1. Taking segment 117-178, which trypsin sites (Lys or Arg not before Pro) meet the DSSP loop condition and have no more than 10 other C-beta atoms within 10 Å?
2. Nothing charged except the Cβ atoms of Lys and Arg (+1) and of Asp and Glu (-1): what's the magnitude of the dipole of segment 74-163 about its Cα centre? Round to the nearest 20 debye.
3. Given the rule -39500 (n - 2.57) for each run of at least 4 DSSP H residues, summed and divided by the residues of the chain, what is its mean residue ellipticity at 222 nm, to the nearest 500 deg cm²/dmol?
4. What size of dipole, in debye to the nearest 20, comes out for the chain about its Cα centre when the only charges are +1 on Lys and Arg C-beta atoms and -1 on Asp and Glu C-beta atoms?
5. Tabulate in residue order the Karplus-calculated ³J(HN,Hα) for segment 91-99, using 6.51 cos²θ - 1.76 cosθ + 1.60 with θ = phi - 60°, rounded to whole Hz; enter x for Gly and Pro.
6. Ordered by residue, what ³J(HN,Hα) values in Hz, to whole numbers, does segment 39-48 give under the Karplus form 6.51 cos²θ - 1.76 cosθ + 1.60, where θ = phi - 60° and Gly and Pro are x?
7. List the chymotrypsin sites (Phe, Trp or Tyr not before Pro) within segment 172-238 that DSSP assigns to loop and that have no more than 13 neighbouring Cβ atoms inside 10 Å.
8. At 1.4 Å probe radius, can you tell me the per residue accessible area of the chain in Å²?
Amino acid sequence: WVYDGAVIEARIRSLAAFDAVRYAQKANSNLAVLALVRRAGAVVDAVSAGEIARALAAGFAPRDVTFTADLFDTAALAWIGRHDVPVNVGSPDMLAQYASRHPGRGVTLRVNPGFGHGHAPQVNTGGETSKHGIWHADLPDVVAHARQLGAPVTGLHVHIGSGSDFDHLTRTCAAMEGFAAIVGPELESISAGGGLPIPYRDGEAPFDVERFTRAWLDTRDRIGRAIGRAPRVEVEPGRYLVAESGV
Ligand SMILES: *Cc1c(COP(=O)(O)O)cnc(C)c1O
């Protein structure tokens, strides 16, 4: 495989209106690709101890890595403890575990909005059949519990699947507004997740990245008006950044 760095850089630039582009490295965790993504100004997501190790080996600062998962294993806890890697919590148990080990540290919460969408069922990561994220109806209790544990909820994250369409995007943005109202003004960031599609066949139109971006910037602004401060808005693409670069 040969990867064209200019394609990856152009995809990152196409998302420059977001406050951060966070690369979901399961799309390609080659160390040279990760280092190129870092030099192009993006930050990175990690879903395992191995992905944290790869991100740090590629030169990312620990604060530019986010660990997203629904549970901790021993190895991931060790990396997070040693390097102070921020955590995106996907379950109530994980929140309690993190708060007891790292008192006072803020967390972001991955929320399952109750629906998902993917270009195939295997890549749908929302809804009743998905293991991922805190169930939307549980969010008020989990936010209250986080406060009791002294772990401020500084961010909210949704990732409903790979292969976005604009109907689901509208629903996801509306859901995020509701979640932000539950957290209130301590909210510093929202994440749109990934799932941005790429054309697979001749004649397929490229993804309308401007429309996607506008929907999320508008969501950020509406949240800002509702809670009194506009959060930063992140996007978390994997495949969109790299899939068209490989030969
Ligand atoms: C896979 C994944 C993504 C990115 O999905 P793509 O379809 O590659 O854009 C984003 N966030 C998380 C947590 C993921 O697991």
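The values are calculated or read from the model by the stated rules, or taken from the named source; none is laboratory data. Computed from a predicted model, the values in this text were never measured in an experiment. Note: ideal-geometry Cβ built from the backbone for every residue, glycine included; neighbour counts use all protein chains shown. Protein only, heavy atoms only, side chains kept; ligands, DNA and RNA dropped before computing areas. Shrake-Rupley method; radii C 1.70, N 1.55, O 1.52, S 1.80 Å.
1. Answer in residue order: 131.
2. 260
3. Result for the chain, helices only: -12000 deg cm²/dmol.
4. 540
5. In residue order, the calculated couplings are 7, x, 4, 5, 4, 5, 5, 5, 5 Hz.
6. 5, 7, x, 8, 10, 9, 9, 9, 10, 7
7. Loop-located and lightly packed - 200.
8. On the way: 11270 Å² over 247 residues.
That works out to 46 Å² for each residue.
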